[in-house]
Amino acid sequence: MTMSGILILAEHRDGELRPVTFEAIAAAQEVRAEIGDRVTVAVVGSQAEAFVPALSIAGVDQILTIASKQQEFDADTAEAALAAAMSDCQPALILLGHSVDSMGYAAAFATRHGTGFATDVFRLAFDGGQLVATRGGYGQKVNVELDFPGKRTVVLCLRTGTFKPDPKPGKPPVRSLAPALPESRARFGAFIAPEASGDVDVSAVDFVLSIGRGVGEEDNIEQFRELATKVGATLGCSRPIADSGWLPKSRQVGQSGKTAVNCKLYIAMGISGAIQHLAGMKHVDTVVAVNTDSNASIFSVAKYGIIGDMFEIADELRKQFE
Amino acid sequence: MTKILVPVKRVAALEDDFRIREDGRDVDPDDLNHDLNEWDTFSLEQAVLIKEAASSEVQVVAATVGPEECDEVLRACLAKGADRALRVWDEAIAGSDPIAIARILAGVARREEPALVLAGAQSSDHGQATTGIALSAALDWPHVAVVTGLKYGAGDARATVTRELEGGVMQDVDVACPAVLTIQLGINKPRYASLRAIKQAAGKPIEVLGLGELGLAGDQVGEAGSASRVRRMAIPERGRAQMIEGTAQQKAARLAQIIREFRAA
């Protein structure tokens, strides 16, 4: 049987569809003409049908609800449900998010089913009838184009915040699948919200001066805290600084920390720009990056770039505000 | 005795100036620097912490897939507390993607029969976040990805792990062992190797295995055994960043102007 069409497994948490589901639907529109023109969205849960209204948008040709024991994500359940959906609609392409949930089962699915596989994909294209997925390599400093010779189905996990959803109402038909799902080998507990630290919250402020690994050691933090105060900014940081305990988690910008939603000016000093960090700040209007490495990926999202030593620039900046 | 298997990777970082290789499919190897994957320093440390807390014997086995040059990262693991180091190589492995690498590591796990596999959540060079979870499927073992907390004592039938979700949300997962866990940055504070430990590691043996010893055929690895193939690598356009030039003082003055304009708006 020839595989055709696109299958998306919706991601949801705590009663809400994750944005990446709509981003995947948007990505599907870019390649649907080449891949067999049908887009199916499958959603798994004990109340999967609750998501049908939100998923009923233009560009979705079919919704599959898959009944499982529990509503929230479980890796073994997700993998088995995706297998059932694949066997039902025989897709040439499966789109998921490059999210923590997908990281927990997508590679297992691809291994077990012998599909093509790539993660953190930010561009989809067709060249000579072949699917080409582009992702970053060597710390996002090169673009790597991948193809999938001989694979009947390809699973791609899409970089979050990359494909732009434009949902318009639609009325796709809904079907239910009731596959026999395996007993899960892991028990997933309740969600634990991040602790309120009593410290500032970088998601609330409009001007962030953020420091990364370039700061070197804990004793150097204080001078940047003073500099931030001097220029009227809130001090933020990238993951290694919070992991080291040098600044509280509430100041960490990025996927596992805070998104700088209200920020208008973001100064990144000594931050190379891992995609997890960019996820929390690449939307900011004015990003100024200071880094010694001219190839640092932070420059790809910055409006202004300064190649230089963060301490030297900080010293000179301090003098400008004296 | 309880074994913990820690798969590690020798990652590559680009030099300041680098060229794409002539065939366009990778960077010129002369323009790469190598190191032990940062995530793997956390998974290794976690294994060593389990060993140190145990009242029974625990053996920490570091394993990698790659040519002889990879011995340096295995020696780093030995210096940081691994008891044994294993390396798998065969020319047929060249061109393997993480799914093929996971198949090879599964062969190692079948041989070693560990109670737990602690892999890095991703690698710092290509960040595919694939190998550990692919390995769990090749073994048909339970698995949890992006783990920032672990309660497990050597020989326990189950582990309680904390996985880290988007936005700093955490979730505890109770998982049956043997299991594969992929370890996130920050789960512990990896130790530095002492000079003495580095010297001792230099003299320790590294076990080298071929595909045959793992029961694998050449077409299960390399491009034939992979789920993707690199078609081309290209240097991306540098985005829209407008570079501020001049002396440090001039650069800071322009930055000060940007800040003042923002504050006046």
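How about A:Lys264: which aspartates and glutamates have a C-alpha closer than 19 Å to its C-alpha, ignoring those fewer than 8 places off in the same chain? List returned: A:Asp201, A:Asp206, A:Asp285, B:Glu261. The string of couplings for the range A:114-127 from the Karplus curve (6.51, -1.76, 1.60, θ = phi - 60°) is x, 7, x, 7, 8, 10, 6, 7, 10, 8, 10, 8, 10, 9 Hz, one whole number per residue in order, with x for Gly and Pro. Amide H to amide H distances under 5 Å link B:Ala145 with B:Thr182, where only residues 5 or more positions off or on other chains count and H is placed in the peptide plane. Approximating the spin labels as points 7 Å out from Cα along Cα→Cβ, the A:Thr2-to-B:Asp30 distance works out to 4.9 nm. Computed over every Cα-Cα pair of the range A:245-318 and binned at 5 Å starting from 0, the pair-distance distribution P(r) comes out as 3, 18, 26, 24, 20, 9, 0 percent. Beta bridges from DSSP with both residues in the range B:116-265: antiparallel share about 60 percent, rounded to the nearest 5. Packing order of peptides A:104-115, A:27-38, highest average first: A:104-115, A:27-38 (average count of other Cβ atoms within 10 Å over each peptide's residues).
Give the percent of DSSP beta bridges with both residues in chain B that are antiparallel, rounded to the nearest 5. Counting only bridges with both partners in chain B, antiparallel ones make up about 40 percent. Secondary structure note: in the protein assembly as shown, about 35% of the DSSP beta bridges are antiparallel.
Total lysine pairs in chain B at Cα distances under 14 Å, for residues eight or more apart or on different chains: 6. If a spin label sat at a point 7 angstrom from the Cα of A:His283 along the line to its beta carbon, the backbone N atoms of the range A:230-268 nearer than 13 Å would be those of A:254-255, A:258-264.
In this simple spin-label model, placing a label point 7 Å from the Cα along the Cα-to-Cβ direction at both A:Phe191 and A:Lys230 gives a separation of 4.2 nm. Quick one: Debye curve from the C-alpha atoms of the range B:1-154, no solvent, what's log10 I(q)/I(0) at q = 0.09, 0.14, 0.17 Å⁻¹? Summing over Cα pairs of the range B:1-154 leads to -0.29, -0.68, -0.98. About the centre of its Cα atoms, the protein assembly as shown shows a dipole size close to 800 debye [charges on the beta carbon of Lys, Arg (+1) and Asp, Glu (-1) only; nearest 20 debye]. When the Cα positions of A:Ala84, A:Gln71, A:Phe117 are compared along the charge dipole of the range A:62-144, A:Phe117 comes out farthest toward the positive end, with charges on each C-beta of Lys, Arg, Asp and Glu.
With a/c under 1.5 counting as rounded, go ahead and sort the range A:66-159 into rounded, prolate or oblate using the C-alpha gyration tensor (a ≥ b ≥ c being the square roots of the eigenvalues; past the cut-off, prolate if a/b is larger than b/c, else oblate). Cα axes put the range A:66-159 in the oblate bin. In the protein assembly as shown, if the dipole is taken from +1 on Lys/Arg beta carbons and -1 on Asp/Glu beta carbons about the Cα centre, which of B:Gly225, A:Gly45, B:Ala63 is farthest to the positive end? The Cα lying farthest towards the positive end belongs to A:Gly45.
Spread over its residues, the convex hull of the C-alpha atoms of chain A is 147 Å³ per residue. Translational diffusion of the protein assembly as shown, estimated by Stokes-Einstein from the Kirkwood radius over alpha carbon pairs at 10 °C in a medium of 1.306 mPa s, is 64 µm² per second.
Computed on chain B, the Cα convex hull volume stands at 184 Å³ per residue. The calculated Kirkwood hydrodynamic radius for the range B:175-251 is 20.2 Å, given to one decimal from all distinct C-alpha pairs.
Here B:Asp219 and A:Asp199 are evaluated by their C-beta separation; at R0 = 51 Å the FRET efficiency comes out at 0.35.
Around the amide H of A:Thr119, modelled in the peptide plane, lie the amide H atoms of A:Cys157, all under 5 Å away and 5 or more residues distant in sequence or on another chain. Any idea what log10 I(q)/I(0) is at q = 0.13, 0.16, 0.23, 0.27 Å⁻¹ for the range B:71-112, Debye with uniform C-alpha scatterers and no solvent? Log-scaled intensity ratios, in q order: -0.34, -0.51, -0.91, -1.01. Volume of the convex hull of the range B:86-197 (Cα atoms only), normalised per residue: 146 Å³.
Computed extension length for A:Phe321-A:Ser46: 93.2 nm, one decimal, from 0.36 nm per residue of separation with the Cα-Cα distance subtracted.
Per-residue shielding of A:306-312, expressed as the average number of other chain Cβ atoms within 10 Å of the residue Cβ, stands at 4. Each residue of the range B:132-144 is assigned a 3J(HN,Hα), and the resulting list reads x, 6, 5, 4, 4, 6, 5, 9, 6, 9, x, 7, 9 Hz, derived from the Karplus form 6.51 cos²θ - 1.76 cosθ + 1.60 (θ = phi - 60°), x at Gly and Pro. Once the Kirkwood radius over Cα pairs is known for the range A:148-195, the Stokes-Einstein relation at 37 °C and 0.692 mPa s delivers a diffusion coefficient of 191 µm²/s.
Amide H contacts under 5 Å for B:Arg231: A:Glu145, A:Leu146, A:Asp147, restricted to partners 5 or more places along the chain or on a different chain, H placed in the peptide plane at 1.01 Å from N.
The fraction of Cα-Cα pairs per 5 angstrom bin, counted from 0 for the range A:1-72, comes to 4, 17, 29, 23, 15, 9, 4, 0 percent, rounded to whole percents. Sequence-ordered 3J(HN,Hα) estimates for the range B:194-208 from the Karplus curve with 6.51, -1.76 and 1.60 and θ = phi - 60° stand at 6, 4, 5, 5, 5, 5, 5, 4, 4, x, 7, x, 10, 7, 10 Hz, glycine and proline given as x.
No lab work stands behind these numbers, since they all come straight from the coordinates. This structure is a prediction, so every number in the text was calculated from the model and none was measured. Heads up, the Cβs are rebuilt from the backbone with ideal geometry, glycines too, and the neighbour counts pull from every protein chain shown.
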